[in-house]
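Readers should treat all values here as calculations from the given coordinates under stated rules, not as data from a laboratory. The shown structure was predicted, so the numbers you read here are calculated from the model rather than taken from an experiment. Because the Cβ atoms are built from the backbone with ideal geometry, glycine has one as well, and the counts that use them run over all protein chains shown.
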Amino acid sequence: MNFADQVCKIAEIKGPLVVGMDPHLELLPPYLLEKWVRERGNNLQALSYCVMEFGKLVIEAVHDVVGFVKFQMAFYELLGIPGLMVLKNLIECAREKKLKVILDGKRNDIASTASCYARAYLSGIEHPLERSIPSFWGIDALTVNPYFGKDGLAPFFEEAKKVDKGVFVVCRTTNPSAPFLQDEGRDEKVYFKVARLVEEMGEEIIGDSGFSSAGIVVGATYPEDLKILRKEFPSLLFLVPGVGAQGGGIESLRFAFREDGLGALVNVSRGILFSYREDGSSDGRGFERLVRMKSIDYQERLRELRK
């Protein structure tokens, strides 16, 4: 089934919430950190085991509440090879729980290198001598950088189409200095050109839902832009970060959805993962209960918003 159609089907049943699996080391529950430092010492291995246990507890807590998780690759790369193996392990855990996995890697390069990235994360290797080898990562969608233009994006779209996976192209981001580049342009702003390019290139992978498997990343901190982009590009799926810790309000998200309540996935990371810190818990024991409660709350608020 087309990736966009899969997204819409899951969002109709469970809701559009994506739990962002961003394990900020300084925010991890102290009891877990202390446990693994005692067992493994003060090193990358201890931190990696801590991140893995934390991630597994989160997945167990939310798998029946949400349909999507997003792993920000940088947090795992920070821990070197042990961290990347933890990422692989957690992706497998998420897939075992029937969750759709988005990998936030923001990959791209010139065409030949972009092709390697696309095959690495999406379709796998067409072995020159024997049968094809699937992608090592086993994800469902990847975030991609548009700066290289059409020939940089094309390999990702092509490989995604082969295996019914998705691509989310960075378009309108939440960081304070984003307008410096993204608002440039006389006739059309850069971020608008990106959205238009994705729409044009994604026409061949539009599903029965009317959405393309190629979508865009649009921050919740720009509600007016969300509104304009949704009106102008009805076939694009939106991946919307920035709710909560980054300043985006839940009310602004109504502009991201189509009239039928579909078309956007809403990512929340710190506001869910580290909600134990709001509860006054000293060492984070039982944090997963609050993770679950927050996830349910966000889903309910999004459900009301989409009515």
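If R0 equals 22 Å, the separation of the Cβ atoms of F148 and E188 corresponds to a calculated FRET efficiency of about 0.70. Remark: L273, L181, L226, L57 ranked as L181, L57, L226, L273, counting other beta-carbon atoms within 10 Å and listing the fewest first.
For the range 1-135, what log10 I(q)/I(0) values come out of the Debye formula at q = 0.09, 0.14, 0.18 1/Å, with one point per alpha carbon and no solvent? Values, matching the q order: -0.33, -0.76, -1.08. Using a 10 angstrom cutoff on alpha carbons, build the Gaussian network for the chain and name the most mobile of K189, K56, K88. Among K189, K56, K88, the largest GNM mean-square fluctuation belongs to K189. Amide H to amide H, with H built 1.01 Å from N, V266 comes under 5 Å of L17, V18, V240, counting only residues 5 or more places away or on other chains.
Rounded to the nearest 5, the antiparallel percentage of DSSP beta bridges internal to the range 102-244 is 10%.
In order along the range 214-224, the phi-based Karplus estimate (6.51 cos²θ - 1.76 cosθ + 1.60, θ = phi - 60°) of 3J(HN,Hα) comes to 9, x, 10, 8, 10, x, 6, 7, 10, x, 5 Hz; Gly and Pro are listed as x.
Among L103, L33, L27, L237, the ranking by other beta carbons within 10 Å of each residue's beta carbon, starting with the fewest, stands as L27, L33, L103, L237.
Around Y117, what is the net charge, scoring Lys/Arg as +1 and Asp/Glu as -1 over all other residues with Cβ under 10 Å from its Cβ?
Net of charged neighbours comes to 0.
Derived value for the chain: Kirkwood hydrodynamic radius 19.8 Å. Basis is the mean of 1/r over every pair of different alpha-carbon atoms. Among residues other than E126 with Cβ under 11 Å from its Cβ, the summed charge is +1 (Lys and Arg +1, Asp and Glu -1).
Given charges of +1 on the Cβ of Lys and Arg and -1 on the Cβ of Asp and Glu, with all other atoms neutral, how large is the dipole of the range 141-213 about its Cα centre, in debye to the nearest 20?
220 debye
Here the sum of -39500 (n - 2.57) over DSSP H runs of 4 or more residues, divided by the residues of the chain, equals -13500 deg cm²/dmol at 222 nm, to the nearest 500. For V169, the residues whose amide H sits under 5 Å from its own are V144, G215, I216, V217, ignoring neighbours fewer than 5 places away on the same chain, with H placed 1.01 Å from N.
Note that the range 249-262 has calculated 3J(HN,Hα) couplings of x, 5, 5, 5, 6, 4, 6, 7, 9, 6, 4, 7, x, 10 Hz, one per residue in order, obtained from phi through the Karplus relation 6.51 cos²θ - 1.76 cosθ + 1.60 (θ = phi - 60°); glycine and proline are x. Projecting the Cα atoms of H63, Y76, T113 onto the dipole axis of the range 57-113, where Lys and Arg carry +1 and Asp and Glu carry -1 at the beta carbon, places T113 farthest toward the positive end. Summing charges over all other residues whose Cβ lies under 15 Å from the Cβ of Y222, with Lys and Arg as +1 and Asp and Glu as -1, gives +1. Placing dummy labels 7 Å off each Cα toward the beta-carbon, the span from K56 to D283 is 2.0 nm. When the pairs K106/K165; K193/K307; K35/K98 are compared against a 24 Å limit on Cα-Cα distance, K193/K307; K35/K98 fall above it.
Can you tell me which of 199-209, 117-127 comes out highest on packing, and rank the rest after it, using the mean Cβ neighbours within 10 Å? Intermediate values should be presented prior to the final figure.
Details: 199-209: 16.7, 117-127: 18.9.
Ranking the peptides 199-209, 117-127 by packing returns 117-127, 199-209.
Note on the chain: antiparallel DSSP beta bridges, both residues inside, total approximately 5 percent of the bridges counted. Net charge dipole, the chain: roughly 460 debye, given to the nearest 20, about the Cα centre with Cβ charges of +1 for Lys and Arg and -1 for Asp and Glu.
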